[in-house]
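Throughout, read-outs are computed from the coordinates displayed, never taken from laboratory work. No experiment lies behind these values; they were computed from the predicted model shown. Every residue, glycine as well, gets a Cβ built from its backbone with ideal geometry; the counts of neighbours run over all protein chains shown.
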Amino acid sequence: MATCPMCTSRKGKRYCPALDKLICSKCCAAHRLGLIQCPPDCEHLASEHYQLARRKQRATSSGRRLLETLATLFLYDDSREFAFLVSADLYWWMVRQRPMMNGELAAAFELAAAPNSAGGEVGSLPGDLGRYLAELAERGRRHQKPIRGADSARRKADVFRSIASHLSGLDAGSESFHADVEDYFSKLDFVADLDYSPEEELIGNDAAGSGATPGDEAARAGS
């Protein structure tokens, strides 16, 4: 049996109509609709669409507390979409750092609303998280889409303050908000399902300036 031409290490057992070759299932899953330009009628692509729908269904069910919180806090679609994107940023951060208590998160969101204010020292997790969220809000390409206009900076700050106010009303020593965020986003293949990476938002913005933003799934998935 021929070796997979993508990885050149595993056996190719799955026929790829785009490449007209046998590839391994791992490369099929990793590169479909990316390096591999799959035809719409590919049987393996149909299977992936089905699995994606199942993952989103599980996320919506498991993460309903987060979605309900955002729907209660934000009546306007654009503010709610921005808040959902910020929640994705928060999950990305906490997976790479550590879960944070509600009181810490409240301090971080207050700093994100006014990143040039006193306090929130660099090197403290709330301070670093606050500046990270503020930088994404200001420079991330996708972060420019939900809230637009001359007052966009003020409205984004209002979203941060609303989340901070919500967190301040919770048990400061609990990780309940982290759990709500995790219940939603951990059910997804984060980058594949949302087509989104906070780190690439900033890198891509530096490289591409005002170029088009790839996809809107992260902003719309909670609506």
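Report summary: the helix-based calculation at 222 nm, which adds -39500 (n - 2.57) for every DSSP H run with n ≥ 4 and divides by the residues of the chain, gives -18000 deg cm²/dmol. Percent of Cα-Cα pairs more than 21 Å apart in region 1-112, please. For region 1-112, the fraction of Cα-Cα distances above 21 Å is 58 percent.
Reducing region 50-64 and region 133-196 to their Cα centroids gives an inter-centroid distance of 20 Å. Taking amide H positions as modeled 1.01 Å from N, with prolines and chain starts lacking one, the residues under 5 Å from LYS11 and 5 or more places away or on another chain are CYS4. Partners of LYS26 within straight-line reach, counting aspartates and glutamates whose Cα lies under 13 Å from its Cα and excluding those fewer than 8 residues away in the same chain: GLU48.
For LYS21, the residues 5 or more places off, or on other chains, whose built amide H falls under 5 Å of its own are CYS16. Packing, taken as the mean count of other beta carbons within 10 Å per residue, orders the peptides 77-85, 161-169 from highest to lowest as 77-85, 161-169. With neighbours defined as other Cβ atoms within 10 Å of a residue's Cβ, the residues TYR184, TYR15, TYR76 order from fewest to most as TYR76, TYR15, TYR184. Our compactness index for the chain, the C-alpha radius of gyration over the empirical 2.2 N^0.38 Å, is 1.16.
Helix 198-208 axis versus longest C-alpha principal axis of the chain: approximately 80°, rounded to the nearest ten.
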